[in-house]
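Working notes for the structure below.
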Amino acid sequence: MELDSFLILHINRNFAVRFGVCMNNNSKLMLAFLALFMLGLGVPMAAAQGNAIQYQNAAGNVTLTTDDIDIRISGVSQTPHFHWWDPDSPDVDYHVMFVKLFEANDTDVDGAFTLNTDMMVGPAYALPTSEWEFEGFEFEMEGDNVTAVHFNLTSTESHDPRPEGLGMGNLPNMNPFDVMVQLRIHIDLENPGEMKFDVVIDGWEWTYDDSILVLQFTVSESNHGQSAGDRDPTGFSEDATKFSFGPGYMEYEETAMAAQNQIEVKASHGEGTGLEAGESVYLAFEYFGNETLEYDPILGVESETGNILTDNILLIAGVGVVIAVVAIVALKARK
């Protein structure tokens, strides 16, 4: 029994010494591994912490900048104008210009506006920029970084639905009325490559309660640095509720809100109602009476994932190398 106890004690001590050496070496390597791991994590974390929104209002132009998108909002040709591009690929700029708001007969009863089939009821309400009011920035902070910016652009103008000399046919008489259109702009770092904007319409007086109200805007592109789009957007396509053109896109919701009611929204696109450049997009809202309409589409650029993927691959490769070194040293320590 004593000999067996001595042998067991000797074996245990020998194992403990070897295990201690192995653990000592492995501990050093594990510390190195953890240091490398935290360094790898620190790069994207530092980048995220340094990512903030830059914003400015000067000379009638509002500018917003993140690492993923540059946006300028200005007035060109007397229409609200959103101008944006990808700062990592600044060869092409995209432009959305709000053109008209008009009532239309839904002749084909599909809920959408069909050019040359659905007829405009009275003259369109133009969306001028000269009287648009900028209401100042509101922002959210995390530490020293601005993580979200909000502001409104508001226009209230009188619209004459029965101007003299245009021949309104059999339309009922109507007096001029004031229309308020407000754009509530939102950009935040949770989605740094896009801008959300609420469209608010108040005061519209309908001719018929089975009409649709149509918001027309154009999408175009230009070379970087030009103040307006001069050609149709490349590869313009529609997929479900998303219009895509190159890396740019516009997404729309299928419902809007008027008071507590959901209002159906249908989108269509094609030629303009006038001589507008670019691809025209028509958002058609079903009848919502004298309530205030609120609607929230999105503009953006597709995010680049290549850098994130590369960082992750390098991090995984680094972890694999360290684990392999730890395994080799552990095997040597056992011999």
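The values are calculated or read from the model by the stated rules, or taken from the named source; none is laboratory data. What you see is a predicted model, and the numbers here were worked out from it, not measured in a lab. Counting neighbours? That spans all protein chains shown, and the Cβs are built from the backbone with ideal geometry, glycine included.
A few points about this structure:
- In the range 156-264, counting only strands (runs of 3 or more DSSP E) that sit wholly within it, the ones holding 2 or more residues that are among the acidic types (D, E) span 177-188, 194-202, 237-239.
A quick yes/no check of all residues on (1) modelled with pLDDT of 55 or more; (2) not in a loop (DSSP other than H, G, I, E, B):
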{"site": "F33", "(1), (2)": "no, yes"}
{"site": "L36", "(1), (2)": "no, yes"}
{"site": "H81", "(1), (2)": "yes, yes"}
{"site": "D118", "(1), (2)": "yes, no"}
{"site": "P128", "(1), (2)": "yes, no"}
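- The numbered conditions (1) in a strand (DSSP E or B); (2) more than 25 Å from the chain's Cα centre (by Cα) are all true for M97 except (2).
- Inter-residue pairs, beta-carbon under 7 Å, first in the same structural domain as L283 (by TED's automatic domain parsing) and in the range 107-119, second surrounded by fewer than 16 Cβ atoms within 10 Å (Cβ to Cβ) and outside any loop (DSSP other than H, G, I, E, B), 6+ apart: G111/E264; L115/G270
- Restricting attention to the range 210-223, the residues that are surrounded by 13 or more Cβ atoms within 10 Å (Cβ to Cβ) and either over 27 Å from I263 (Cα atoms) or of a type in the set (K, R) (or both) add up to 3.
- Criterion violated by G274 - all others in (1) in a strand (DSSP E or B); (2) more than 18 Å from the chain's Cα centre (by Cα) satisfied: (1)
- Answer residue from the range 56-74, given it is assigned to a strand (DSSP E or B) and surrounded by 18 or more Cβ atoms within 10 Å (Cβ to Cβ) and is farthest from the chain's Cα centre (by Cα) among those: V62
- Residue within the range 261-271 that is loosely packed, with under 13 Cβ neighbours inside 10 Å and under 20 Å from the mean Cα position of the chain (by Cα) present: no
- For the range 112-134, the tally of residues that are surrounded by fewer than 15 Cβ atoms within 10 Å (Cβ to Cβ) and small (G, A, S) stands at 2.
- Hits in the range 135-152 - residues which are assigned to a strand (DSSP E or B) and either surrounded by 12 or more Cβ atoms within 10 Å (Cβ to Cβ) or in contact (Cβ under 8 Å) with a residue 60 or more places away in the chain (or both): F139, E140, N145, V146, T147, A148, V149, H150, F151, N152
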